[in-house]
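Undergrad: I have a structure here, written as structure tokens, and I will follow up with some questions on it.
The values are calculated or read from the model by the stated rules, or taken from the named source; none is laboratory data. None of these values were measured; they are calculated from a predicted model. No Cβ is skipped: glycine too gets one built from the backbone with ideal geometry, and neighbour counts run over all protein chains shown.
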Amino acid sequence: MLPLIGYHLAYYTRSYRYVAPVIAYVGFLLFIYTLTPNPVMESYAFSAVWLFVVSAWIAFGFADLEPGAQQPVTALHAGSANNYHLSKLLLMTFVGLLLALFAVLYPALAGKFERAPAAGEWIAALFAHAGLFVLGMGISLWFTERGFGKSQASLPALMAFSCCRSLRAQRSSVFMLVRAAYAGCCRRRVSYPRS
């Protein structure tokens with residue numbers, strides 16, 4: 001399995017498809033953390049959501065990297081199609097773990113937070129980053145040429161899905177905020193002194 005993962009890594013690095021998403025993610029994190037101090041968990045949540053977007057970008061570019069005629073040959077040399085696809089998934093997951101580790105360790109070690117994160121916050125942030133990377137990777141794999149079927153429709157469908165999800169998340173968070181504010185206003189009662 002390791003030689004096959006090495007083959008995919010060499011093929012991926014020669015394609016330079018990783019450059020744009022990695023520069024976008026690392027550059028955006030460096031830009032965000034230029035202002036200090038930052039709240040701990042809110043910053044981790046923001047970088048985890050950004051990793052979700054970047055993971056979809058990475059997986060979409062990596063999944064159909066090999067030409068269609070070369071994929072069966074590589075799968076034949078791997079022993080089975082399952083080994084072939086598993087090695088690709090393991091490599092993408094390893095890339096995601098590296099980006100997640102960078103997002104979790106960089107701001108804490110560089111002193112970009114208002115306080116040092118607790119051990120539970122480090123663990124929660126690492127699991128959130130890794131989970132959102134795997135989720136973004138899984139969603140984008142549905143929209144690849146083999147998953148969705150037509151490459152002309154795959155990217156627009158992935159973008160539409162991402163926009164709908166983000167709009168739904170924004171709408172629900174705004175709804176929760178308004179509901180909480182309304183509940184807070186209704187609970188407060190003004191008491192006037194009796195005369």
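Undergrad: Filter the range 76-87 down to residues that are touching a helix residue (DSSP H, G or I) at 6+ places or on another chain (Cβ under 6 Å) and crowded, with 16+ Cβ neighbours inside 10 Å and give me whichever is farthest from residue 135 (Cα to Cα).
TA: Selected residue: 78.
Undergrad: Out of all the residues in the range 124-149, which are aromatic (Phe, Trp, Tyr), in a helix (DSSP H, G or I) and modelled with pLDDT under 85?
TA: 142, 148
Undergrad: Condition test on residue 73, is it of a type in the set (Val, Ile, Thr) and free of Cβ contacts under 8 Å to residues at least 24 places away in the same chain?
TA: yes
Undergrad: Select, from 73, 104, the only residue that is of a type in the set (Val, Ile, Thr) and surrounded by 15 or more Cβ atoms within 10 Å (Cβ to Cβ).
TA: Step by step, each of 73, 104 is checked, and only 104 is of a type in the set (Val, Ile, Thr) and surrounded by 15 or more Cβ atoms within 10 Å (Cβ to Cβ).
Undergrad: Another one. Could we say that residue 20 is small (Gly, Ala, Ser), closer than 17 Å to residue 133 by Cα, without any contact (Cβ under 8 Å) to a residue 40 or more places away in the chain and out of contact with any Gly (no Cβ under 7 Å at 6 or more places or on another chain) here?
TA: yes
Undergrad: Related question: So for the range 111-123 (the condition being crowded, with 16+ Cβ neighbours inside 10 Å, within 26 Å of residue 8 (Cβ to Cβ) and either under 12 Å from the mean Cα position of the chain (by Cα) or touching a residue at least 60 places away in the same chain (Cβ under 8 Å) (or both)), does at least one residue qualify?
TA: no
Undergrad: Still on this structure, please answer the following. Hey, can you tell me all the residues within the range 85-100 that are β-branched (Val, Ile, Thr) and either over 24 Å from residue 72 (Cβ atoms) or touching a residue at least 60 places away in the same chain (Cβ under 8 Å) (or both)?
TA: Residue satisfying the conditions is 95 alone.
Undergrad: Can you list the helices (runs of 4 or more DSSP H) lying wholly within the range 1-104 that have 3 or more residues being at pLDDT below 85 and over 19 Å from residue 142 (Cβ atoms)?
TA: In the range 1-104, 2-15, 70-78 are the helices (runs of 4 or more DSSP H) which contain 3 or more residues that are at pLDDT below 85 and over 19 Å from residue 142 (Cβ atoms).
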